[in-house]
Amino acid sequence: MNVDYKPELPEETHPIVIIGAGSIVRDAHLPAYSQAGFKVHGIWNRSPDPARTLAEEYGISHVYESYEQALAEAPEGTIWDLTLPANLFVEYLEKLPDGAPVLIQKPMGENIDEAKQILEVCQRKKLRAAINFQMRFAPFIMAAKDLIDRGVIGELRDVEARITSYTPWDHFPFLQHVPRLEIVYHSVHHIDCIRSFLGDPSGVYAKTLTYPELPDLPETRSSIILDYGQTVRANIQTNHSHRYGSKHQESYFKWEGTKGAIKARMGLLMNYPKGAPDCFEYCQLNEDGTPGEWQEIALEGSWFPEAFIGAMAQVMRHVEGSLDTMPTSVEDALKTMACVEAAHTSSRDGGVPINQYL
């Protein structure tokens, strides 16, 4: 079966200036932009050496000595790519020229108050801003969306994301100092993707937990339920502390409908950052209601780096006028962050006490 899973690219590209030079820029942004033919004009990082290293590797012509220099010397039509810690976004957005296009790395702040501040700055300054919830543009997500929109598996009844893996958190040293970890920096992707399929839930149930053997980190495990009423289940289960080898690691998104099902293995999160192969499969019910055979569809690319092409392409297309509304605009992203905040509130308040029933 043919499937449409690649993002539409802009007719004309725009110069990109990247603010930040961490591992996500090295592993995803720059490989994606190189693959898509997007030109990175310049880069700045608070510590200059990583920026110089990446500039040399990717042929970036300008390495700025300061954010102010980047602002002063960026060419006309620059798209700003902010890849800073989330609690710094408001400060850096305030300094951008009014009306500038900008892609802001996820999450949209570390809590709902910061998310609202980011939205306020973007709207007041008329920034054409999107949040880099790039998982929406991963090949397996776009392929699933195409099949579901075409009615291949009927009406959705069940959406599940499950991660059982070991994440080497030392790749992201700044996360040791954040107040919230798993939902804000990881499951936010799954929440955002589920919203892209099902819309906004009426509520959220959740529990997020630390792992005592990793005392320097906040939560690394979560159970999240998004409430879509009595006929649709939306469930996220994550355990980033599975230290027992690859045999029983899991990393998948699954959609079940009235006519069939889709399952996508997300190989990136298994043996990260090397990863494992993705696998995209679907199954349809026969006319008599019995299950048909599972069929695999070969997809090119993966979450890293290909999804980052779509995240930047939406901004470029919005600037050129070929896309009216960006899928992960700050206005839409605020709704994802509201789900994140609700999950933390649910986790904090706890479940229903059982003593009253004994």
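Since every read-out is calculated from the coordinates, none of them should be taken as a lab result. Computed from a prediction, not measured in an experiment: that's the story for all the values here. Neighbour counts are summed over all protein chains in view; Cβ atoms, including those assigned to glycine, are modelled from backbone coordinates with ideal geometry.
Observations
- Selection within the range 126-151: residues that are more than 9 Å from the chain's Cα centre (by Cα) and farther than 19 Å from Lys254 by Cα. The member of this set that is surrounded by the most Cβ atoms within 10 Å (Cβ to Cβ) is Ala129.
- Asp27 being more than 25 Å from His318 (Cα to Cα) and touching a residue at least 60 places away in the same chain (Cβ under 8 Å): yes
- Qualifying residue in the range 147-154 (condition: assigned to a helix (DSSP H, G or I) and within 26 Å of His29 (Cα to Cα)): no
- The range 87-133 - residue that is among the small types (Gly, Ala, Ser) and touching a residue at least 60 places away in the same chain (Cβ under 8 Å) and, of those, nearest to Leu175 (Cα to Cα): Gly109
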